[in-house]
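Undergrad: The following block contains the structure, expressed as C-alpha cells.
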Number of protein chains: 2
Amino acid sequence: MRIAVAQLNSHIGNFEGNVQRILEAVAEARAQGAELIVFPELSVCGYPPRDFLEFDDFIRQVNDALAQLAAVTQGFAILVGAPTRNPLPEGKDLFNSAYFLADGQVRHIRHKALLPTYDIFDEYRYFEPSHHFEIIEFRGKRLAVTICEDLWNVGNENPLYTVCPMDEMMAQQPDLMVNLSASPFSYDHAEDRMHVLRTNVLRYNLPLFYCNQVGAQTEVIFDGGSVIMSPNGRVYDEMPYFEECIRTYELDEVLAGARDNEQPRHKMALIHDALLLGLRDYFGKLNLKKAIVGLSGGIDSAVVTVLAARALGPDNVRVLLMPSQYSSEHSIADARALAENLGLQYDILPLQSVYESYLNLLEPHFEGLPFNITEENIQARIRGMLLMAFSNKFGHILLNTSNKSEMAVGYGTLYGDMCGGLSVIGDVYKTEIYELAEYINKDAEVIPVNTITKPPSAELRPGQKDSDSLPPYDQLDQVLFQYIEQRQGPRELIAMGFDETLVRRTLRLVNINEFKRHQTAPVLRVSDKAFGVGRRMPIVVKYLS
Amino acid sequence: MRIAVAQLNSHIGNFEGNVQRILEAVAEARAQGAELIVFPELSVCGYPPRDFLEFDDFIRQVNDALAQLAAVTQGFAILVGAPTRNPLPEGKDLFNSAYFLADGQVRHIRHKALLPTYDIFDEYRYFEPSHHFEIIEFRGKRLAVTICEDLWNVGNENPLYTVCPMDEMMAQQPDLMVNLSASPFSYDHAEDRMHVLRTNVLRYNLPLFYCNQVGAQTEVIFDGGSVIMSPNGRVYDEMPYFEECIRTYELDEVLAGARDNEQPRHKMALIHDALLLGLRDYFGKLNLKKAIVGLSGGIDSAVVTVLAARALGPDNVRVLLMPSQYSSEHSIADARALAENLGLQYDILPLQSVYESYLNLLEPHFEGLPFNITEENIQARIRGMLLMAFSNKFGHILLNTSNKSEMAVGYGTLYGDMCGGLSVIGDVYKTEIYELAEYINKDAEVIPVNTITKPPSAELRPGQKDSDSLPPYDQLDQVLFQYIEQRQGPRELIAMGFDETLVRRTLRLVNINEFKRHQTAPVLRVSDKAFGVGRRMPIVVKYLS
C-alpha cells in the first residue's frame, strides 16, 4: 500500500484556501501513486481555532469543506482532521476528530481521547474526550488512527491521562499506526517528540506515519518534521522543518526499515528558521507585505531587522534611525552599516525637535522636577509614534524588538519600544540573542561586529548602560530560565546557588511587570514557556513581589 | 447550630494578608456566637491564581497558611477553600478543595468535582475532578459540602457534566448544604445564580449556606451576594453585593424559613457598583492611589472620570484636557464643567505645538501625501503620551476610556486613546454608556447634559462624527451583542432581520481588529462575554473577514 503524508500549513478559518490546498495535495499524492493521504490535526479549519469553535457557522463551514473533500475520493482515501459535533447531549459540544473519507463518502470518524489542557493548549475548553477505540480497515490493512497527544501516554505512563489509546487498539491487531498532529515547535521539542514516537513504535512493533502541521498560527509555530518510522525504530523519513511537504511511501519498504533519514537539529538554526516562518506566516496569512523596524544600533533591533529582511525580502523592510541627543555616534554608524549590508531603505529622523516641543509643553507642569524616567520614556515613545506614523502612512507593520529578558523584568517603555504588531524575539533571552547574532553572521558579517561587542544600552540618558539597572545578563537569564521555564521558586533557586538578592529582585521584577506584558504584541514562541497564551498570570497579585 | 458566612475579598498570592483577614473574620464570627465559619472558594490564595498554581512554592505557602488557620480552631470550625496536592500519580497535580479545620487540625478535605473550563474559567488546566462524595459530620449535623460549580448540575441536567455531587451525597442524609464559591459578576448572573440555588434547595429540601467571594481580581469582578436559603426556597438572607460581609445564622431559624431578604437588582446600578469595585481593587491591591484620565468633553471619558472620582476620591483623580485644532469650543467647556462638578485638578495642554513638530519632522518623508488617518492617529497618540508623561512623573495610573462598541470594531488608536493600565468601560456598549450616564446623573447633573446629548465625535479632523465611520450605535450594538455575547453567525443574524451589509461589515470589523484588542489593558468584566480572558480568538485568521 502506498501512503502519502501531507505536512500542510493551514490558515485558520480560511476554508476555501484550506480546501484548495488539500485538493492540490490530493492531486499530487495521486500523481505519486498514493492510495491514501494523511493530513494534520484539524487541518480543515486550522489549529488552534480557539473560540471560533463555539460558533455554529464555523462548524457548518467545516462540514461543507468535508463534503467537498469527500467528493474527490473515488478510488482513493483521505484522512483529515476536523472538529465534529458530539451527537450526545452529555459532554462538550465537539470532538477533535479524524475523518476517513473514501469512495465519495465519510467512511469513518475517530475522535481524540487525550486532550492537552496546559501551556498553550485549551482542548478541554472545547472538546469531549473519546472513550471508544476502533481501528480502520482499508484495502486489507488495519490502521490504528490516533490524534497528536493520543500517542503521548505510552503504556499509561503519563500521569495526566488514564487511558492509552494504542494499548486499547492492540487487541484489534493493527498493521500500522497513523497519527494526525498539530505539535508546536520549541527548540528542544523535536527531540522529545522523536523519543516519544520511537517508544510507541518499539512498544507496538508497528510502523508509524506521523503527520504534523507546519506553519505559524499567530504566535504558535508548528515545525512539521513529520516522521515515518519503521518497526525497528529507525526513521524511514523525517520531513523538513518549517516548510510544506507531500511525500508518498510504500508501506512494505517502511516495514523493511532499511533507511535512516533523521535530520540534524541545532538550537540556533531551529530558532532562526522558526522565527522566519513566524514572520512569513504572520504577514502572509494577514495579506500584509511590508515591515518597519526602529534601528538603534543595538543587537536586538539588528537581529529583528535581519530576520525580517530574510523572511520578507529586503524590498519589503524599511528602517528608521531615530537618534536622540543621548545617542552615541557609533549607534548611527552601526545602524546605517546594517541597513546598507542588507540593502534596506532607511531614513534618519532626529528626535530633538519633537522632544523639545514635549518638554516645552510640559514645562509649566513639571517645573522644578528633575529629569527622570519620564523623559527617558518620552524619547522611547516618540520613536514608537514615528514608526507608527510611517506604518499608518505607508502600510508597513511595525515589528517589536524586545527580547525575553527585557520583557521578563519590564525593561522597556510601554507605548514606546514595546510597540509593534508582532514580537519577533520576545521568547529569546538576551544571552541567546548573542548566539543568534553569531549564527546570522556565520557566513559573513551581516550584523556589524561592533553591534555585537559593545555593552547594551538604551541610550536614553548620558552614559546609560543596561547594567546600571539590571543584573548582568548571564546571571539574570539563568534565574529567569529557572523561574519561567522550570517554575522554580525562591527556595529552590537559592538552593541551586543563586544569590538571594538577585533571586528576590528578579522574581519581583517578573511579577510586578505582568501589566506591561499584558499589553504587548503576540510573541513568536520558540521555547517551552513563552510569554503570552502559554503563561497565564493574574496582574493584580502580591506574590514574591 | 450557629453558622457564620464570611464573604471576603481575597488578594491573590497575598498569604499574609489573606490569613490576617480570615483570622479577623473568625474573631468576629466567634463574637457573633458562631460555631462554624464558611469562607469562599480558594480564599486562602485568592481566586483565580492561574499559573501560580504550577509553582511548588505557591502551594507550600498555601499549606503554611492552612496550618496557621488550623491553629485557631479550638472549640470552633473553619471551612475554607484552598488547593490541595493530588496524592496519586494519576491526573492533574492539584484538587480545588474545601478544608474543614477544627480543634487545631485539618479534619476533612473535600474536592470539587465539576470544573468549569469555558469563558474565563480554566479549572481543568490545573485541577483533577473529584469522584468521591462524602458528607462531613460536625456537632451532630451532617453537612453536604460542595464547591461553586458543583451545584450547577442539578439532577444532572447540565450537559457539561456527568455527575451531580448533591445527588451522590443524598444517600448519606445530610442536614444542610454548604457551598464555597467564587462566582463572577455579570449584570444578569445574580438572577441565574438565585434560580440555580433555589432549584437545588427545592430538589433536596435542605437549607443552603452559599458563600461567594467578593472583590475584583484584575478584570474579573466577584459580586458577593452570598445566599442563605431556607428549604422552602425563601431567601433567608442575601448578603450585599460588592462589599465584604460576615454574618452568623441560627440553623433552626433558617430551617423555619420565615424571612425573605432578597435584594433588588437593577442593571445599571449593578454595573455602576461593579465598576467602582473593579477600580478600587485594581488600585488598592496594587497599592496604587491616583488615577489620570484624558477628558475630551465626550461621554466615555466623562463616565470613566466620574467612576474614578467615586471609586478613588476626587483628590486622587487628575484630568488633562488636550484640545487640538479640531476640537470644538463646547468640548473644552463640557470637560471643564465636569472637572469642576467633581472638584478635580485639571490642566489644559493644547496639542498644536507638539503636533506641528511631528508634522515638520515627517514632512520630508510624507511630502505630497494627503492628510489621512496617520495625522488623526498622531493627535490621539500625543494625548496618550502626555497622559503617560504625567503618569510617569507623578505616579497617576492612566485609565483607558474605550467602550465595548469601539473596542469591538477597532474604532480607536493603538498607543493613543487605547492607552491605559485598566479598561474601565471596555465591556459596556456605547448605548449602555448613555444609560450609565443617565444613572450617574439620576440625582444631580454631574455629567453635563451637553456631553450626553451631542453626537459622538473623535474630533480628529474638521466636522468629524462617529457616524461617518460607523453604523448608528443602536444598530451596531445589537449586532455586536448577538455576535459576541450570543455567538450568532451571519446566517442567524440575517435571519433575525438585520441588514446583510451591516452584518457582514460589523463581523468583519470585529474579526480584523483582534490585534488591537490583544494589546489593550485588562477590561473590567460586567457582561457574560467580555473582551479579554473570557474570549480567546486567534489574530491571524481569515474568517468572516
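The values are calculated or read from the model by the stated rules, or taken from the named source; none is laboratory data. Worth saying up front: this structure is predicted, and the values here are computed from it rather than measured. Neighbour counts run over all protein chains shown; Cβ positions are idealised from the backbone, glycine included.
Undergrad: Out of (1) within 11 Å of chain B (Cβ to nearest Cβ); (2) over 21 Å from B:Ile382 (Cβ atoms), what's the single condition that is false for A:Tyr358?
TA: Every listed condition holds for A:Tyr358 apart from (2).
Undergrad: Residues of the range A:185-205 being over 29 Å from A:Asp427 (Cβ atoms) and surrounded by fewer than 18 Cβ atoms within 10 Å (Cβ to Cβ), which ones?
TA: A:Leu202, A:Arg203, A:Asn205
Undergrad: A follow-up question, please. Which of the residues belonging to the range B:54-70 are among the hydrophobic types (A, V, I, L, M, F, W, C) and at the interface with chain A (Cβ under 10 Å from one of its Cβ atoms)?
TA: B:Phe55, B:Phe58, B:Ile59
Undergrad: Any idea how many residues of the range A:332-353 are within 31 Å of the chain's Cα centre (by Cα), among the charged types (D, E, K, R) and closer than 24 Å to B:Tyr358 by Cα?
TA: Going through the range A:332-353, the residues within 31 Å of the chain's Cα centre (by Cα) turn out to be A:334-346.
Now drop any that are not among the charged types (D, E, K, R), which leaves A:334, A:336, A:340.
Still in the running and closer than 24 Å to B:Tyr358 by Cα: A:336.
So the answer is 1.
Undergrad: Moving on. Out of all the residues in the range A:340-355, which are of a type outside the set (Ser, Thr, Tyr) and facing another protein chain (nearest Cβ under 9 Å)?
TA: A:Asp347, A:Leu349, A:Pro350, A:Leu351, A:Val354
Undergrad: Among (1) acidic (Asp, Glu); (2) in a helix (DSSP H, G or I); (3) within 13 Å of another protein chain (Cβ to nearest Cβ), there is one condition B:Asp417 misses while meeting the rest; what is its number?
TA: For B:Asp417, the exception is condition (2).
Undergrad: At negative phi and under 18 Å from the mean Cα position of the chain (by Cα) - does that describe any residue in the range B:225-238?
TA: yes
Undergrad: Right, another one. Confirm whether A:Phe531 is among the aromatic types (Phe, Trp, Tyr), modelled with pLDDT of 95 or more and surrounded by fewer than 21 Cβ atoms within 10 Å (Cβ to Cβ).
TA: Answer is no for this residue.
Undergrad: So is A:Phe209 within 16 Å of the chain's Cα centre (by Cα), of a type outside the set (Ser, Thr, Tyr) and within 30 Å of A:Tyr282 (Cα to Cα) or not? Spell out how you get there, then give the answer.
TA: Details: within 16 Å of the chain's Cα centre (by Cα): no; of a type outside the set (Ser, Thr, Tyr): yes; within 30 Å of A:Tyr282 (Cα to Cα): yes.
No: the conditions fail for A:Phe209.
Undergrad: While we're looking at this one, here's another question. Against the condition farther than 27 Å from A:Asn360 by Cα, modelled with pLDDT of 95 or more and under 27 Å from the mean Cα position of the chain (by Cα), how does B:Gly384 come out, does it pass?
TA: It is false that B:Gly384 is farther than 27 Å from A:Asn360 by Cα, modelled with pLDDT of 95 or more and under 27 Å from the mean Cα position of the chain (by Cα).
Undergrad: Among the listed residues A:Ile292, A:Ile348, A:Ile332, which satisfies the condition of being farther than 30 Å from A:His189 by Cα, among the β-branched types (Val, Ile, Thr) and either surrounded by fewer than 17 Cβ atoms within 10 Å (Cβ to Cβ) or not assigned by TED's automatic domain parsing to the domain that holds A:Glu406 (or both)?
TA: Going through A:Ile292, A:Ile348, A:Ile332 in turn, the sole match is A:Ile348.
Undergrad: Looking at the range B:127-148, is at least one residue within 14 Å of chain A (Cβ to nearest Cβ), at pLDDT 95 or above and within 25 Å of the chain's Cα centre (by Cα)?
TA: Yes, the conditions are met somewhere in the range B:127-148.
Undergrad: Same structure again: For the range B:498-525: of the residues being aliphatic (A, V, I, L, M) and in contact with a Ser or Thr (Cβ under 6 Å, 6 or more places away or on another chain), which is farthest from the other protein chains (Cβ to nearest Cβ)?
TA: In the first step, residues of the range B:498-525 are kept if they are aliphatic (A, V, I, L, M); the result is B:502-503, B:507, B:509-510, B:512, B:521, B:523-524.
Next, only the ones that are in contact with a Ser or Thr (Cβ under 6 Å, 6 or more places away or on another chain) stay: B:512, B:521, B:523.
Numbers: B:Ile512: 9, B:Ala521: 6, B:Val523: 11 Å.
Looking at the filtered set, the residue picked out is B:Val523.
Undergrad: Taking the range A:368-384 as the search range and keeping residues that are farther than 17 Å from A:Gln464 by Cβ and surrounded by fewer than 22 Cβ atoms within 10 Å (Cβ to Cβ), which one is farthest from the other protein chains (Cβ to nearest Cβ)?
TA: Only one residue fits best here, namely A:Gly368.
Undergrad: Give me the helices (runs of 4 or more DSSP H) completely within the range A:256-367, filtered to those with at least 2 residues that are more than 16 Å from A:Ser391 (Cα to Cα) and touching a residue at least 40 places away in the same chain (Cβ under 8 Å), ordered by residue number.
TA: Ranges flagged: A:267-285, A:299-312, A:329-342.
Undergrad: What do you reckon, is A:Tyr439 surrounded by fewer than 23 Cβ atoms within 10 Å (Cβ to Cβ), more than 10 Å from chain B (Cβ to nearest Cβ), in contact (Cβ under 8 Å) with a residue 24 or more places away in the chain and farther than 21 Å from B:Leu398 by Cα?
TA: Numbers: surrounded by fewer than 23 Cβ atoms within 10 Å (Cβ to Cβ): yes; more than 10 Å from chain B (Cβ to nearest Cβ): yes; in contact (Cβ under 8 Å) with a residue 24 or more places away in the chain: yes; farther than 21 Å from B:Leu398 by Cα: yes.
Yes: the conditions hold for A:Tyr439.
Undergrad: Hey, among the residues in the range A:484-509 that are more than 16 Å from B:Gln61 (Cβ to Cβ) and either under 21 Å from the mean Cα position of the chain (by Cα) or assigned by TED's automatic domain parsing to the domain that holds A:His189 (or both), which one's surrounded by the most Cβ atoms within 10 Å (Cβ to Cβ)?
TA: It comes out as A:Ile484.
Undergrad: Only residues that are surrounded by fewer than 21 Cβ atoms within 10 Å (Cβ to Cβ) and not hydrophobic (A, V, I, L, M, F, W, C): list them for the range B:138-163, please.
TA: Within the range B:138-163, B:Arg139, B:Gly140, B:Lys141, B:Arg142, B:Gly155, B:Asn156, B:Glu157, B:Asn158, B:Pro159, B:Tyr161, B:Thr162 meet the criteria.
Undergrad: If I filter the range A:101-114 for residues that are within 14 Å of chain B (Cβ to nearest Cβ) and on the phi < 0 side of the Ramachandran plot, do I get at least one hit?
TA: yes
Undergrad: If a residue must be within 30 Å of A:Met418 (Cα to Cα) and hydroxyl-bearing (Ser, Thr, Tyr), how many such residues does the range B:493-526 contain?
TA: Final tally of qualifying residues: 2.
Undergrad: Another question, then. Taking helices (runs of 4 or more DSSP H) that fall entirely within the range B:444-533, which contain at least 3 residues that are over 15 Å from A:Phe55 (Cβ atoms)?
TA: Numbers: elements: B:449-453, B:466-469, B:473-480, B:490-495, B:500-512, B:514-518.
It comes to B:449-453, B:466-469, B:473-480, B:500-512, B:514-518.
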